[in-house]
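Below is one structure; the comments refer to it alone.
The values are calculated or read from the model by the stated rules, or taken from the named source; none is laboratory data. Everything quoted here is computed from the prediction, not taken from an experiment. Here Cβ is always computed from backbone atoms with ideal geometry, including for glycine, and neighbour counts include all displayed protein chains. In case anyone asks, the SASA skips ligands and DNA or RNA and just uses the protein heavy atoms, side chains included. Shrake-Rupley method; radii C 1.70, N 1.55, O 1.52, S 1.80 Å.
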Amino acid sequence: QVQLVESGGGLVQAGGSLRLSCAASGGTFSSYVMGWFRQAPGKEREFVATITWRGGSTAYADSVKGRFTISRDNAKKTAYLRMNSLKPEDTAVYYCAASNSYYGSNSAMYDNWGQGTQVTVAS
């Protein structure tokens, strides 16, 4: 089991940037596929990005591809989500997740979740 804590959310103007961090404790961080998901008010949780054990492969939702970058630093036991060119529709609670299974976008394969961090993009 691994514990995850997100940080870095906040209020930003459209077109701005934020970097979210996900600090892990417990477990062996390099054994986990890491992912980011988000949930906007009144909407279902949706996949944002994922990264494999050593960062060799990444995948993104179409809505964020080209604007967001997922990365990880296994020595620091931290995953990141760099968000550029933010849009009001990016407003959501962003969740970090860890999977001890395979790489993918399905939330069901992620076993551990952080508490979420709010990102609000103003027009």
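With charges only on Cβ, +1 for K and R and -1 for D and E, what is the dipole size of the range 14-62 about its Cα centre, in debye, rounded to 20?
120 debye
Just add up the charged neighbours of Tyr32: K/R +1, D/E -1, any other residue whose Cβ is under 12 Å from the Cβ of Tyr32.
Summing Lys/Arg as +1 and Asp/Glu as -1 gives +2.
Probe 1.4 Å, all protein chains in place: accessible area of Asp73 in Å², nearest 10?
Asp73 exposes around 50 Å² with every protein chain in place.
Treating only the Cβ of Lys, Arg, Asp and Glu as charged (+1, +1, -1, -1), what charge dipole size does the chain show about its Cα centre? Round to the nearest 20 debye.
Working: 12 positive and 8 negative charges, 61 e Å.
With Lys and Arg at +1 and Asp and Glu at -1, about 300 debye.
With every protein chain left in place and a probe of 1.4 Å, what is the accessible surface of Glu46, to the nearest 10 Å²?
80 Å²
Among Tyr94, Gly116, Thr69, which residue has its Cα furthest toward the positive end of the charge dipole of the chain, with +1 on Lys/Arg Cβ and -1 on Asp/Glu Cβ?
Highest projection toward the positive end goes to Thr69.
Please name which of Val2, Thr50, Ala79 has its Cα lying farthest along the dipole of the range 1-111 towards the positive end, using unit charges on Cβ (Lys, Arg +1; Asp, Glu -1) and the Cα centre as origin.
With unit charges placed on the Cβ atoms, the residue in question is Ala79.
Name the residues of the range 10-34 whose amide N is less than 19 Å from a point 7 angstrom out from the Cα of Ser107 along the C-beta direction?
22, 33-34
Excluding Ala79 itself, what net charge comes from residues whose Cβ is under 14 Å from its Cβ, given Lys and Arg +1 and Asp and Glu -1? Provide the component values of the computation, followed by the final result.
Working: positive: Arg19, Arg54, Arg72, Lys76, Lys77, Arg82; negative: Glu6, Asp73.
Cβ neighbours under 14 Å give a net charge of +4.
Quick check: with the 1.4 Å probe, what order do Arg82, Arg38, Arg72 take by accessible area, largest first?
Arg82, Arg72, Arg38
Taking 7 Å along the Cα-to-C-beta vector as the label spot, tell me the Ser31-Ser123 distance in nanometres, rounded to one decimal.
Label-label distance for Ser31 and Ser123, simple model: 4.9 nm.
Express in Å², to the nearest 10, the accessible area of Ser123 obtained by rolling a 1.4 Å probe over the protein heavy atoms while all chains stay in place.
130 Å²
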